[in-house]
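One structure is given below, encoded as structure tokens.
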Amino acid sequence: MNIFEDIRKIIIDVAISMGIEDKNILNKITSEPPKDETHGDIATNIALLSSKILNKNPKEIAADIIILIKKNEYIYEAKIAGPGFINLYLDKAILYECCRTVLCYKNKYGKSNYGNLEKVNIEYVSANPTGPMHIGHARGAVFGDSLANLLEYVGYHITREYYINDSGQQIVNLAKSVYLRYLEILNNKKEIFKDDLYPGEYLIPVAQNIINHYGDKFLNSDEIEWLDTFKKISISSMMDLIKDDLSSINIHHDVFTSEEFLKSNGFIEKVVKILNENNMIYEGVLAPPKGLKKEDWKSRPQLLFKSTAFGDDVDRPLKKSDNSWTYFAVDAAYHYEKFLRNYSSIINIWGADHGGYIKRIEGIIKSFPSSTINFDVKLCQLVNLNSDGKPVKMSKRAGNFVTMKSVVDAVGADVLRFIMLTRKNDAPLDFDILKVQEQSKDNPVYYVQYANIRINSLYKKAISLGIDLNKDIDNIDFELLDNTFELNLIKIISKWPRQVEAAAKANEPHRITFYLNDLASAFHYSWSLGNTNSELRYIVKDNIKLTTARLSLAKIVKIILFSGLSIIGVKPAEDLS
């Protein structure tokens, strides 16, 4: 049951009865909460949309619509607002029906087949396999995984993907760094790590593993003799480390695609051939980059992709000066390989520093023959990690960055996941380790989890009173819930299906966290009223019917808390321990 969609269907029926049959108009009819809650429960734009077709003033049309729409039993009042909007006030009966629906469908309430099992690929994390996950990676990881959960919740078929950058200079540098650790262990002597190498102590076990298998075989060898072996073992070890880090916050990918696989299987040549056939590449000369003097720029013919045709600043090279493929060429090949898998949508979760890359990848995807793929990129801003307002010091073992594992060890996986979604992905996030461990309303994790804990305490009291909350739903007298605070709580509950669908349409899982905070806030407020007025308590000992209705309302809140927390990958807290 989606109240907003149900009322929208009623509005559409009224529009059709007035002679409006244009599907473009009917599809634009809205049914949504007004910005100001005092303006009713649902606002609709039907009169404004109908004005041209009916050749009448929107307010006149609104007056006619109100007469028709008030005939529906679920709408007790309707008023004209502004230039012709209509504000609807819902009868309490539809709210009580919503309560029964939640108890009937339980955790399926809010789920839908909106996605119609369309195939969606979400690529997230994709950290270079050169070290453990750091706290910045965690944000994209949680965002991507929660988005995958959200889209599955509304009926999409999701593939969770990790792209492994296992080729290029950074992998050579990784192997060289491990080799220095290898020399340190065997020679018992410190080595010097240059700026482009990885000094973290996490590479020591990798070097030790190589010694366990090969001994001192490579001790006095030339680089060409040990490089490939060290690269393979180092990449494998780093990916195991990364997978363990991700597993610690309950993140698992379905597909791992290798850059080296794309190169060795000719995908770059394949995508260049496709682009050439579609007249999307040419030999050209680029102007000097902005800020670079002409005398410092060596112009030369390059193989260029026409990315300016898709809103990019300049056309982008596919080959370097040494005639090797650019990183962009590999990325084009990667998206072509994904294109061949027949997804309806591709969603990439990138760091904020990749914003300038979006247009060229959009252009690549649009250049594929008969491409109808929806492409979306979500950029995740930086995480500022603090402790009591002071920046957290870097980890020597990690190589001057804060590992995700150290934060998980400090606050737990559930807290980390929740906090990562307390801000929109494109806004910087402050993460204070001490504050998220506080048991106060200022801590959003605790505030939501404590609602579930309070409801559990109500269950225990209900059992002691002999109240069975699993009794026939039809016999629960929800009509007894008629004070302003109970009705407000039910209205928030009724918004859950719409909130889920809106979050999925926008690819914004943080909306779920915001909703859970609103739901918990309304519940805590209704609970607090009982502290000053015993008649407003959830358990009124001399009124079993009212108590049963209120406890059932609390149960509904618990059901939706469970659903929402599941989407963001958080386990509901059962007690204060």
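The values are calculated or read from the model by the stated rules, or taken from the named source; none is laboratory data. As the structure is a computational prediction, the values presented were derived from the model and not from experiment. Here the Cβ positions follow ideal geometry from the backbone for every residue, glycine too, while neighbour counts run over all protein chains shown.
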Against the condition farther than 15 Å from LYS79 by Cβ and either of a type in the set (A, V, I, L, M, F, W, C) or part of a loop (DSSP other than H, G, I, E, B) (or both), how does LEU68 come out, does it pass? no
Can you name the residue in the stretch 295-332 that is more than 13 Å from ILE281 (Cα to Cα) and among the small types (Gly, Ala, Ser) and is also modelled with the highest pLDDT among such residues? GLY311
Can you report the number of residues in the stretch 457-472 which are hydrophobic (A, V, I, L, M, F, W, C) and part of a helix (DSSP H, G or I)? 3
Specify which of the listed residues (LEU54, LEU48, LEU103) is at pLDDT below 85 and of a type in the set (A, V, I, L, M, F, W, C). LEU54
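The rows are residues; the columns are (1) under 30 Å from ASN374 (Cβ atoms); (2) not in a loop (DSSP other than H, G, I, E, B).
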residue	(1), (2)
ASN452	no, yes
ILE455	no, yes
ASP474	no, yes
GLU479	no, yes
ILE490	no, yes
PHE514	yes, yes
SER521	no, yes
SER528	no, yes
ASN531	no, no
In the stretch 419-450, residue modelled with the lowest pLDDT [restricted to those that are among the β-branched types (Val, Ile, Thr) and assigned to a loop (DSSP other than H, G, I, E, B)]: ILE433
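For the stretch 183-190, indicate whether the set of residues that are touching a residue at least 40 places away in the same chain (Cβ under 8 Å) and either assigned to a helix (DSSP H, G or I) or within 32 Å of the chain's Cα centre (by Cα) (or both) is non-empty. Steps first, please.
First, pick out the residues of the stretch 183-190 that are touching a residue at least 40 places away in the same chain (Cβ under 8 Å): none.
Checked the stretch 183-190: no residue is touching a residue at least 40 places away in the same chain (Cβ under 8 Å) and either assigned to a helix (DSSP H, G or I) or within 32 Å of the chain's Cα centre (by Cα) (or both).
Residue-by-condition table, conditions (1) out of contact with any Gly (no Cβ under 6 Å at 6 or more places or on another chain); (2) within 22 Å of ASN425 (Cβ to Cβ); (3) among the small types (Gly, Ala, Ser); (4) surrounded by 24 or more Cβ atoms within 10 Å (Cβ to Cβ):
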| residue | (1), (2), (3), (4) |
| --- | --- |
| PRO129 | yes, no, no, no |
| MET133 | yes, yes, no, yes |
| ALA141 | yes, yes, yes, yes |
| GLU152 | yes, yes, no, no |
| GLY155 | no, no, yes, no |
| ILE158 | yes, yes, no, no |
| SER167 | yes, no, yes, no |
| ASN173 | yes, no, no, no |
Being at pLDDT below 90 and aliphatic (A, V, I, L, M) is the filter; apply it to the stretch 384-406 and report the residue that is nearest to the chain's Cα centre (by Cα). LEU385
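Could you list, in sequence order, the residues of the stretch 1-40 that are charged (D, E, K, R) and either in contact with a Phe, Trp or Tyr (Cβ under 6 Å, 6 or more places away or on another chain) or surrounded by fewer than 18 Cβ atoms within 10 Å (Cβ to Cβ) (or both)?
Of the residues in the stretch 1-40, the ones charged (D, E, K, R) are 5-6, 8-9, 13, 21-23, 28, 32, 35-37.
If the condition is that a residue be charged (D, E, K, R) and either in contact with a Phe, Trp or Tyr (Cβ under 6 Å, 6 or more places away or on another chain) or surrounded by fewer than 18 Cβ atoms within 10 Å (Cβ to Cβ) (or both), then GLU5, ASP6, LYS9, ASP13, GLU21, ASP22, LYS23, LYS28, GLU32, LYS35, ASP36, GLU37 are the ones that fit.
From the list ASP331, ASP322, ASP313, which one is assigned to a loop (DSSP other than H, G, I, E, B) and within 24 Å of GLU269 (Cα to Cα)?
ASP322
Taking the options ILE122, ILE53, ILE80, ILE61, name whichever one is under 18 Å from PRO33 (Cβ atoms), in contact with a helix residue (DSSP H, G or I) (Cβ under 8 Å, 6 or more places away or on another chain) and not small (Gly, Ala, Ser).
On the way: ILE122 fails: under 18 Å from PRO33 (Cβ atoms); ILE53 fails: under 18 Å from PRO33 (Cβ atoms); ILE61 fails: under 18 Å from PRO33 (Cβ atoms).
When all the criteria are applied, what remains is ILE80.
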